[in-house]
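*Asks:* Got a structure for you, questions after.
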Amino acid sequence: MSTDDLLRHPQQQNDLLLYRLYRIHATARPLVVRMCERDYGITRREWLVLSCLSEVEGVQSSELARHVMLDRARTSRAVTSLADKGLLRREPKPSDRREVHLYLTDEGRRVYDEVFPRIAAIQRELLAPFTEAECEQFSALIARLQASASRLNPGGDWLPSLED
């Protein structure tokens, strides 16, 4: 059976697209985790929150949870830990002090600015076997795959990942 046939008609677990993607993630993720924990004292979830806040500062914790695709409890723990480490700050809304918005501190921005290029370098290493044209095609295919996944799960409901 050709590779395309196995992708469309998997015969065993190793043929399943989600399993193959998970294996890539599980193989490469420790590089990021070790670097974040060893060099910056942050967990992968904290990095996820920090990274997301670099793009959407001023969000509430519940909105942040949707962005990072974690449940509210895990997001809340990461937010608390990052605040304790001085990497983010909580600002209550003046008109409703129950509504708290999250922002990176200067130190949080500094950590993000140091970590992101290192993770981008890991990505470049992962993609090193591919030509520029293959990377462009791969990026387009990933976008189509994400659109297909979003159509299958339009509400964005998700289950905790296998790593949790």
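The values are calculated or read from the model by the stated rules, or taken from the named source; none is laboratory data. The structure displayed is predicted, hence computed values, not measured ones. Note: ideal-geometry Cβ built from the backbone for every residue, glycine included; neighbour counts use all protein chains shown.
*Asks:* Which of (1) surrounded by fewer than 12 Cβ atoms within 10 Å (Cβ to Cβ); (2) among the small types (G, A, S); (3) out of contact with any His (no Cβ under 6 Å at 6 or more places or on another chain); (4) touching a residue at least 24 places away in the same chain (Cβ under 8 Å) does G58 not meet, given it meets every other one?
*Replies:* So G58 meets the others, but not (3).
*Asks:* Among the helices (runs of 4 or more DSSP H) lying completely within region 18-127, list those that include at least 2 residues that are under 14 Å from the mean Cα position of the chain (by Cα) and among the aromatic types (F, W, Y).
*Replies:* 106-127
*Asks:* Can you name the condition, by its number, that G86 falls short on among (1) touching a Gly at 6+ places or on another chain (Cβ under 8 Å); (2) surrounded by fewer than 17 Cβ atoms within 10 Å (Cβ to Cβ); (3) touching a residue at least 40 places away in the same chain (Cβ under 8 Å)?
*Replies:* Single failed check for G86: (3).
*Asks:* Would you check if there is a residue in region 117-124 being aliphatic (A, V, I, L, M), in contact with a strand residue (DSSP E or B) (Cβ under 7 Å, 6 or more places away or on another chain) and modelled with pLDDT of 95 or more?
*Replies:* Checked against the condition, which is being aliphatic (A, V, I, L, M), in contact with a strand residue (DSSP E or B) (Cβ under 7 Å, 6 or more places away or on another chain) and modelled with pLDDT of 95 or more, region 117-124 yields no hits at all.
*Asks:* Provide a single number: the residues in region 92-140 that are under 19 Å from S62 (Cα atoms), touching a residue at least 24 places away in the same chain (Cβ under 8 Å) and surrounded by fewer than 13 Cβ atoms within 10 Å (Cβ to Cβ).
*Replies:* Result for region 92-140: 1.
*Asks:* Let me ask you something else. Yes or no: E163 modelled with pLDDT under 95, under 18 Å from the mean Cα position of the chain (by Cα) and within 18 Å of V32 (Cβ to Cβ)?
*Replies:* Considered against the rule, which asks whether it is modelled with pLDDT under 95, under 18 Å from the mean Cα position of the chain (by Cα) and within 18 Å of V32 (Cβ to Cβ), E163 comes out as yes.
*Asks:* Quick check on D15: is it free of Cβ contacts under 8 Å to residues at least 40 places away in the same chain, of a type in the set (D, E) and exposed (fewer than 14 other Cβ atoms within 10 Å of the Cβ)?
*Replies:* no
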